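Visitor: Quick one: structure below, then a few questions.
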Amino acid sequence: MTIQQVQAQRERIRRAAGLLAVEHHAAGSTPGGMTIKAHAATIYDDGINQAEQAASNGAMTWVTAAELIANTYEQLISDMQKAGRP
C-alpha cells in the first residue's frame, strides 16, 4: 500500500461523497437541517471510518476497503440518477 494509493482512494471517496450528497438533495432525502456540504462531509467521514475499521480488524487492507466503499458510493450515485430520470 503506497501513499499514492491511499490518496487516490481518499479522493475517490471524497468525490463520490459529494456527488452522493447532491443526489440525496435532488431526491429530497438530505437529513433535516443539514447542508449538502455537511452531508457530503458526513458521508466521507463514514466511508473513511469504515475503511479504517476493516483494516484494523484485519479483514482487508485499507486501500482494498476504501476501493470497495468508493465503488459502492459510485453505484449508489448511478442508481439514484437512473431512478430520477423521467
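The values are calculated or read from the model by the stated rules, or taken from the named source; none is laboratory data. All figures in this text were calculated on a predicted structure; none of them were measured in a lab. Because the Cβ atoms are built from the backbone with ideal geometry, glycine has one as well, and the counts that use them run over all protein chains shown. Accessible surface is based on the protein model in full, side chains and every heavy atom, while ligands, DNA and RNA are left aside. Shrake-Rupley method; radii C 1.70, N 1.55, O 1.52, S 1.80 Å.
Visitor: Looking at (1) open to solvent by less than 80 Å² (accessible area, probe 1.4 Å); (2) under 15 Å from the mean Cα position of the chain (by Cα), find the lone condition where Lys37 falls short.
Guide: (1)
Visitor: Which residues, taken from the stretch 57-86, are among the acidic types (Asp, Glu) and touching a helix residue (DSSP H, G or I) at 6+ places or on another chain (Cβ under 8 Å)?
Guide: Listed by number, the residues that qualify are Glu67, Glu74.
Visitor: Starting from the stretch 51-78, keep only residues that are open to solvent by less than 70 Å² (accessible area, probe 1.4 Å), then list their pairs with residues that are outside any helix (DSSP H, G or I) and hydrophobic (A, V, I, L, M, F, W, C) whose Cβ atoms are within a distance under 8 Å, requiring at least 6 positions of separation or different chains.
Guide: Pairs found: Ala54/Met60; Trp62/Met1; Val63/Met1; Ala65/Ala59.
Visitor: Right, here's the next one. List the pairs whose first member sits in the stretch 19-38 and is within 13 Å of Gly84 (Cβ to Cβ), whose second member is assigned to a loop (DSSP other than H, G, I, E, B) and β-branched (Val, Ile, Thr), and whose Cβ atoms are under 7 Å apart, counting only residues at least 6 apart or on separate chains?
Guide: From the stretch 19-38, the pairs are His24/Thr30.
Visitor: Of the residues in the stretch 1-23, how many are open to solvent by 50 Å² or more (accessible area, probe 1.4 Å) and over 18 Å from Glu67 (Cα atoms)?
Guide: Of the residues in the stretch 1-23, 1 are open to solvent by 50 Å² or more (accessible area, probe 1.4 Å) and over 18 Å from Glu67 (Cα atoms).
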